[in-house]
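The values are calculated or read from the model by the stated rules, or taken from the named source; none is laboratory data. Since the model is a prediction, treat every value here as computed from it, not as a measurement. Here Cβ is always computed from backbone atoms with ideal geometry, including for glycine, and neighbour counts include all displayed protein chains. SASA here: full protein model, heavy atoms, side chains in, ligands and nucleic acids out. Shrake-Rupley method; radii C 1.70, N 1.55, O 1.52, S 1.80 Å.
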Amino acid sequence: MLPTHMKAASENLSTVGRLLVAEREADLWEEETDTLPASLAKSRRTYKAFADQFIRPRSLNVDMDLAGFDPVPLLKESGKRGFQTQFMIWPWGNASVRNIFAAPSLIFPTLLRAEEFCAACGGLGLLLLAHDLGIAPLFLSGTWTGFKWFRKVYSKIRAGEKCVAAFAITEPNAGSDVEETEGAVRARIVTRARKTDGGYILNGSKCFISDGGIADYVTLFAALENQGVESWTCFLVESSMKGYSVGRKEKKMGQKAADASELILEDVFVPEDHRIGEEKSGWALNRNVLNYSRPAVAAIALGIARGALERCMEFCRNTRLGSKRLVDYQDVQIELAEMTIQLMAARALTWYCGRYRLPSQGISSAAKVFAGDAAFSICNKAMELMGDHGYLHGHGVEKAMRDSRLNQIYEGTNQINRLALIEDAWETDFAKA
Ligand SMILES: Cc1cc2nc3c(=O)[nH]c(=O)nc-3n(C[C@H](O)[C@H](O)[C@H](O)COP(=O)(O)OP(=O)(O)OC[C@H]3O[C@@H](n4cnc5c(N)ncnc54)[C@H](O)[C@@H]3O)c2cc1C
């Protein structure tokens with residue numbers, strides 16, 4: 001690369017001139033970490049250390065042998081460190097109340113955690129992170145009932161028990177439809193809640209629910225009897241409730257360590273105090289949960305892509321082609337630079353979401369789309385550079401590519417997220433008078 005005498009040229013600048021030059025002293029990860037407020041920088045280091053110790057070593061084995069995998073010890077390790085209760089506001093969790101009222105947003109630690117966990121393994125990362133999505137309606141409903149359940153989840157995790165929440169909106173005939181307003185009007189919702197003495201009777205089914213097979217609690221959305229999605233109401237369903245069962249577990253292409261399961265409801269009685277928010281508040285609540293969770297999906301993509309890039313760089317440093325290492329060829333450098341730029345841009349947009357006090361629909365969707373597409377492209381380029389080695393399981397890059405593909409689908413496909421951005425800024429920008 002740059003000859004040493006050219007690199008040292010800044011020594012010929014004046015003292016003041018030298019002070020104005022940014023000299024690289026640390027690697028990119030350290031440099032970015034230093035741009036964060038001190039508490040977030042400290043958290044980022046903690047997440048990385050956890051991921052390196054508990055997630056990375058298990059990643060490839062779990063991907064190959066799901067049958068032999070028990071998720072509970074990892075969930076408990078994460079819970080012990082407060083990571084499974086981090087999105088929960090004090091005194092019902094670890095998050096600072098200050099972050100509801102001032103930037104950086106409450107989701108910023110989740111964004112950092114998602115990147116670090118998923119750089120080590122997309123599947124194990126999702127296994128730990130889907131819980132945040134499950135508990136989000138409890139907090140975002142802004143109700144005492146929600147906080148009451150928050151407290152219960154918090155106490156269980158603090159006591160060292162396994163406690164997982166899942167989030168269930170998708171149904172066999174309603175995927176994108178329940179992620180996008182126009183589609184929702186026509187959605188064919190089958191999961192229904194019928195009012196009865198002291199509560200509701202729920203019937204129907206949900207599908208593709210992440211962590212659904214291991215969840216103790218599910219924040220589940222149902223329409224009221226004989227009404228459409230405008231009547232959507234959120235309920236906290238406990239896995240121990242009579243009539244609740246887990247159906248088919250999908251065979252996934254990637255992020256395999258987190259199950260995607262069908263949930264079946266047959267005359268499940270859900271008491272009144274399990275209704276999260278008012279009747280018919282479900283649609284608005286769902287929209288806001290997605291605003292909070294889509295940046296986290298962007299961060300999952302970012303992590304998976306970073307993992308692939310790191311593995312690819314290591315390969316390029318350690319592999320010789322002819323008389324040189326792969327990394328010494330300029331066309332390889334140009335590819336690595338392009339991947340790094342895509343990663344930097346995706347991170348900038350993802351962290352931008354975290355720098356808002358409240359995550360908003362357009363920006364959250366923009367980050368989700370950009371990071372998801374960038375991640376797939378980065379993983380693909382990594383495979384290209386590594387040739388036949390990239391295709392082998394042992395290097396982790398083909399797994400990263402499989403893992404990254406999901407980020408373009410869940411929490412609304414990237415097409416739906418583009419529409420969400422338009423919807424958000426329709427009146428203010430796109431179609432303003
Ligand atoms: C592994 C996995 C985990 C998941 N986890 C969860 C979970 O935890 N909780 C949960 O509730 N859901 C979950 N989902 C569901 C996920 O959010 C939906 O699959 C996703 O929203 C897409 O819906 P769909 O599969 O029904 O696609 P469809 O709606 O059938 O879409 C098919 C195609 O049509 C396109 N399309 C649809 N409508 C439009 C439109 N108006 N304009 C342009 N294009 C359109 C889509 O972009 C897509 O390309 C998960 C899914 C998977 C695969």
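Results, tabulated for the structure shown:
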| quantity | calculated |
| --- | --- |
| Whole-Å semi-axes of segment 8-60's equivalent ellipsoid (Cα gyration tensor) | 35, 14, 5 |
| Mean Cβ neighbour count within 10 Å, used as a protection proxy, ranking 154-166, 297-309 highest first | 297-309, 154-166 |
| DSSP beta bridges in the chain [antiparallel fraction, %, rounded to 5] | 80 percent |
| Three principal axis lengths of the chain [C-alpha, angstrom, descending] | 83, 51, 47 |
| Surface per residue (accessible, 1.4 Å probe) for the chain, Å² | 45 Å² |
| Amide N proximity, segment 335-372 versus T428 label position 7 Å along Cα-to-Cβ, cut-off under 11 Å | 360-363 |
| Cα centroid separation - segment 216-291 against segment 46-119, whole Å | 23 Å |
| Net lengthening on full extension, E278/E32 (0.36 nm per residue, minus Cα-Cα) | 84.3 nm |
| Apportionment of accessible area to carbon and sulfur, the chain, percent (1.4 Å) | 56 percent |
| Kyte-Doolittle mean at least -1.0 and Cα axial length at least 30 Å: DSSP H helices in the chain | 282-318, 330-355, 361-390 |
| GNM flexibility winner over the chain from F269, F101, F376 (Cα, springs under 10 Å) | F101 |
| Net charge contributed by nearby residues that have their C-beta within less than 15 Å of G322 (K/R +1, D/E -1) | +1 |
| Full-stretch length increase - M344, I409 - with 0.36 nm per residue and alpha-carbon distance subtracted | 21.2 nm |
| Values of log10 I(q)/I(0), in the order q = 0.09 Å⁻¹, for segment 207-365 under a Debye, Cα-only, solvent-free model | -0.50 |
| Distance (nanometres) between label positions extended 7 Å along Cα→Cβ at Y329 and E225 | 6.9 nm |
| Theoretical gain in end-to-end length, E25 to R355 [0.36 nm per residue, Cα-Cα removed] | 116.2 nm |
